[in-house]
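The values are calculated or read from the model by the stated rules, or taken from the named source; none is laboratory data. Quantities reported herein were computed from a predicted structural model and do not represent experimental measurements. Positions of Cβ are generated from backbone atoms using ideal geometry, with glycine treated the same way; all protein chains shown enter the neighbour counts. Note: accessible area is taken over every heavy atom of the protein model, side chains too, but ligands, DNA and RNA are not part of it. Shrake-Rupley method; radii C 1.70, N 1.55, O 1.52, S 1.80 Å.
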Amino acid sequence: MIDIRELRVGNYVYINNKVVKVEAEDLLELKSVNRYGRDTDFLRPVLLSQAILQKIGFCRVSETTSGDLYSKGEIYVKVTGTSVFLYIVDLGTTIGVPFSYLHQFQNVLFSLFHIELTLD
């Protein structure tokens, strides 16, 4: 289940088992559903994976035993197992906590870099 307060316009989530880009009207409806305590089991997060990274425009630039490095312009992420971290190339280190879900990753990249990710 997703905390509706994490969502913003442009996020991708599963609604009734279909990947949907959240629109303003969707947020209003979801907040109404949440406010009146109705069931939100129809809303699920999209798991962030290497396949999803590629769909949102990241390209694999390096493979090592410690993980795969992906980039989109000047933004780098490191994938180790099922964890995705922002990666600072100059320092050779990851920052923060791993991302599990696409909407969380979208929100951080939008906040830090003003980048709107789209699924192709």
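Taking 7 Å steps out from each Cα toward its Cβ at residue 111 and residue 59 produces label points 3.0 nm apart.
With Kirkwood radius over Cα pairs in Å as the read-out, I listed (1) 15.8; (2) 13.8; (3) 15.2; which label goes with the value calculated from this structure? Here the calculated entry is (3). Sequence-ordered 3J(HN,Hα) estimates for segment 108-115 from the Karplus curve with 6.51, -1.76 and 1.60 and θ = phi - 60° stand at 5, 5, 5, 5, 7, 10, 6, 9 Hz, glycine and proline given as x.
For the chain, the solvent-accessible area works out to 61 Å² per residue, with a probe of 1.4 Å and every protein chain left in place.
Annotated for the chain: lysine pairs at least 8 residues apart or interchain, Cα distance under 20 Å, count 6. Using equal-weight Cα scatterers in the Debye expression, the normalised intensity of segment 78-120 in log10 at q = 0.25 Å⁻¹ is -0.99. Taking the 1.4 Å solvent-accessible surface of segment 1-70 as the whole, the part contributed by carbon and sulfur is 49%.
Treating each Cα of segment 55-101 as one equal point scatterer and applying the Debye formula with no solvent, the log10 of I(q)/I(0) at q = 0.19 Å⁻¹ comes out as -0.54.
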